[in-house]
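Enquirer: My questions will all concern the structure given below.
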Amino acid sequence: MHELSIVQGVVELCEQHCGGRRVLAVTLEIGSLSGAVPEALEFCFEAATKGTLLEGAELEIERVEATGYCSDCGVVSPVETYFDSCPSCGAPALLLRTGEEMRVKDLEVE
Ligand SMILES: [Zn+2]
């Protein structure tokens, strides 16, 4: 995953929504299967926000654990990969409910 381009996307999105005011804090929701590494996002954030309205803003990352829904038995269970089978009935495929999130949840402006 290219964390820098993700962060640049976040910066763009925030600048579009902050009405020209300085951004004080950004909260991101990152699913465990999104492929984005929170530590790497934090690492890129400072560099990517330099000279933007987000410079100096605080970055808050909320991790979202992946869960999958079993259409055979109706159980929702935590999953670690796309290929987990249902822990309850053993069905081979679960429909992903959460875990792919990669979005700006909250934005605090001046
Ligand atoms: Zn099942």
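The values are calculated or read from the model by the stated rules, or taken from the named source; none is laboratory data. Just so you know, these numbers come straight off a predicted model, no measurement behind them. Glycine also receives a Cβ, built like all others from the backbone with ideal geometry; neighbour counts cover every protein chain displayed.
Enquirer: In this structure, does THR98 turn out to be in contact with a Ser or Thr (Cβ under 9 Å, 6 or more places away or on another chain), more than 21 Å from HIS2 (Cβ to Cβ), of a type in the set (Ser, Thr, Tyr) and away from the ligand (no atom under 16 Å from the Cβ)?
Expert: yes
Enquirer: Answer yes or no as to whether THR52 is at pLDDT 95 or above, away from the ligand (no atom under 16 Å from the Cβ), under 27 Å from LEU4 (Cα atoms) and in a loop (DSSP other than H, G, I, E, B).
Expert: Criteria met by THR52.
Enquirer: While we're here: Starting from the range 93-110, keep only residues that are in a strand (DSSP E or B), then list their pairs with residues that are of a type in the set (Ser, Thr, Tyr) whose Cβ atoms are within a distance under 6 Å, requiring at least 6 positions of separation or different chains.
Expert: Short answer, once both residue conditions are applied: LEU95/TYR69; ARG97/THR67; ARG97/TYR69; THR98/THR67; MET102/SER34; LYS105/THR27; ASP106/THR27.
Enquirer: From the list LEU59, LEU41, which residue is under 15 Å from the mean Cα position of the chain (by Cα) and either at pLDDT below 95 or more than 13 Å from GLN8 (Cα to Cα) (or both)? Full working, then the answer.
Expert: Values: LEU41 fails: either at pLDDT below 95 or more than 13 Å from GLN8 (Cα to Cα) (or both).
Answer to the check: LEU59.
Enquirer: For GLY68, indicate whether it is surrounded by 13 or more Cβ atoms within 10 Å (Cβ to Cβ), at positive phi, modelled with pLDDT of 95 or more and out of contact with any Phe, Trp or Tyr (no Cβ under 8 Å at 6 or more places or on another chain).
Expert: Taking the combined requirement at face value, the residue does not satisfy it.
Enquirer: GLY74 - would you say it is small (Gly, Ala, Ser), surrounded by fewer than 16 Cβ atoms within 10 Å (Cβ to Cβ) and in contact (Cβ under 8 Å) with a residue 60 or more places away in the chain?
Expert: The answer is no for GLY74.
Enquirer: Looking at LEU28, LEU59, LEU13, which one is in contact with a Phe, Trp or Tyr (Cβ under 9 Å, 6 or more places away or on another chain) and outside any loop (DSSP other than H, G, I, E, B)?
Expert: LEU59
Enquirer: Kindly indicate which of ALA36, ALA47, ALA93 is at pLDDT below 95, within 16 Å of the ligand (Cβ to nearest atom) and of a type in the set (A, V, I, L, M, F, W, C).
Expert: Only one candidate passes the filter, namely ALA93.
Enquirer: Mind counting the residues in the range 31-49 that are in a loop (DSSP other than H, G, I, E, B) and buried (at least 16 other Cβ atoms within 10 Å of the Cβ)?
Expert: Selection size over the range 31-49: 4.
Enquirer: Could you grab the pairs with beta carbons closer than 8 Å, sequence gap of 6+ or different chains, first residue in the range 78-91 and polar (S, T, N, Q), second one within 12 Å of the ligand (Cβ to nearest atom)?
Expert: Partner pairs satisfying both residue conditions: SER85/ALA91; SER85/PRO92; SER85/ALA93; SER85/LEU94; SER88/CYS70; SER88/CYS73; SER88/VAL75; SER88/SER77.
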